[in-house]
Each structure stands twice: as C-alpha cells, then as structure tokens.
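Since the structure comes first, as structure tokens, the remarks are kept for the end.
Where a number appears in this text, it was derived from the coordinates with a stated rule and is not lab data. Note that this is a predicted model, so its numbers are computed, not measured. Here the Cβ positions follow ideal geometry from the backbone for every residue, glycine too, while neighbour counts run over all protein chains shown.
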Amino acid sequence: MKRERIHGKLSTYRFEFLLAALTLLIFDKIFFPSNDFFIRYVWPINMIIIALASFGIFVERELWVKRLRIVFSNIAILMPFAFLYFSTNFWFVSFLVAFYIVFYIFILVKVFRQITMAKEVRFNVVIGSFCGYLLLSMVALFSYLAIELNYPDSFRNISKGNLPAIYNELSYFSFITLTSIGFGDIYPTTDMSRLTVAFFGMLGQFYMVAVIGIIISRFTSNH
C-alpha cells in the first residue's frame, strides 16, 4: 500500500521529477570538473534519481509493465556501481551502452505517448515535452558511444581511451546535433557516424516541430 502511494505521487508529478532528474544527469557535471569524482560519486546518485523518476512514467497497471519497470529501474541503478569494477571490460561497457539506449528509448516512447494523448495543454505537458527532448539527447549520446566503442576514431577531436571524457564530449555533441548548431569542434568521420548524426539531427528537428504542433493544436481546440 505504501509503495502504491509513493508511485501515485511519482505519477502525478512524473514529468516534473523526470525533468529535475534529467537536468541533474546532464548538467551537474558543470560543478564537478573531476571525471573520477563524478563517475565514482555523482553519476551513481544521478542514476538512482533517474530510476526513481522514471518509475512514475510507467502509469499502466498491467503486470508486465510493472515487472518491466522494476527490472529497468534496478538495472539502471546497478550499472554505475558495476562500472566502477568492470569499466575495463569491453563486454560490460558494450552491455551498459546498449542497455541505456533501450532504457532511454523506452522512457522517451512513454513520455511522447503521454504528451500526445493529453486532452488539453497544461504546464506538465510542456514540461513533458522538454523531458522528451532531453531523453532524445541521451539516446543520441549512447548511440554515438556505441559507434565509437566498436569503431574507434568515428568522431574527430574527442579523447582517446578515456571513457568518462568521451562520454562528456559526446554528451555535448548530442545537443549540438539535435539543435543543428554545428560548431565543428567535434565531427563524424565515417559513413556510419555521419549517417547516425544526420539521423538524429533530422529527428531533433522533427521532434520540435511535432511537439509544437501538438501543443498548439491542443491549445486552440480548448479555446
């Protein structure tokens, strides 16, 4: 019963919690310049918060959804701690990257479905839309990481052999891709990386247009 009450609270303010968790995950590195300190202490805390916040996104009551929610949340929490011990194992890092791609895609689909199914535009729908954009950047980030891990030197002007540094650099690059700013300080060098970057660039623009269109249509239909 207590667990259901907690989940009820998380569900009611699910987009607000998720936005706060994603903002911490993506931007709190500003305040922790040391990669070692960030990976050991800050990132695990961030992932615990993300797992708890995403818990409220699963509002369906089907048993399989509840089980999947628990599995995803537990793995998301355990991954950063396991990374401290298995960061040198290629198989583990590959699994970690693949899991987070699936994890963030699944949450993104849930968020996008909920904001598109909303009958009226409220502030939480706007927040949910921004959460979707941040989630899309995380999917792009781990997709770029997967390419760089399996095909080194797919991106120019990033660190070599330092996974935390590569993570930070490609996190920045994922936003540059989605916003189509294109500073040129980091750029793809292979067909696979170029096409993947182009895909996320188009997807970022489509997301913005689609979400703005949905919000405007819902707003005008209610007035």
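Points to keep in mind about this one:
- Lysine pair number, Cα distance threshold 22 Å (strictly under), the chain, separation 8 or more or different chains: 7
- Electrostatic tally near THR190: other residues with Cβ closer than 15 Å to its Cβ, Lys and Arg +1, Asp and Glu -1, net -1.
- With the charge dipole of the chain set up from +1 on Lys and Arg Cβ and -1 on Asp and Glu Cβ about the Cα centre, the Cα lying farthest toward the positive end among the listed residues ILE186, PHE112, PHE81 is that of PHE112.
- Counting only alpha carbon atoms, the long axis of helix 163-179 and the longest principal axis of the chain meet at about 50°.
- Packing-based exposure ordering (other Cβ within 10 Å, fewest first) of LEU52, LEU145: LEU52, LEU145
- Site pair ALA20 and ASP191 shows an inter-label distance of 4.8 nm when each label is modelled 7 Å from Cα along Cα→Cβ.
- Label zone of ILE70 (point 7 Å out along Cα→Cβ, amide N under 11 Å): in the range 31-51 this covers no residue at all.
- Amide H to amide H, with H built 1.01 Å from N, TYR187 comes under 5 Å of ARG156, counting only residues 5 or more places away or on other chains.
- Nearest-0.05 FRET efficiency for THR116 and SER94, computed from C-beta distance (R0 35 Å): 0.60
- Full-stretch length increase - SER217, ILE45 - with 0.36 nm per residue and alpha-carbon distance subtracted: 58.1 nm
- Length gained when the stretch MET208-TYR85 is fully extended (0.36 nm per residue, less Cα-Cα span): 40.4 nm
- Rg/Rh ratio calculated on Cα atoms of the chain (Kirkwood radius): 0.98
- What separates the Cα centres of the range 95-134 and the range 17-68 is a distance of 14 Å.
- Think of the chain as a dipole: +1 on every Lys or Arg Cβ, -1 on every Asp or Glu Cβ, centred on the Cα centre; then among ILE215, GLY132, ASN35, ILE215 lies furthest on the positive end.
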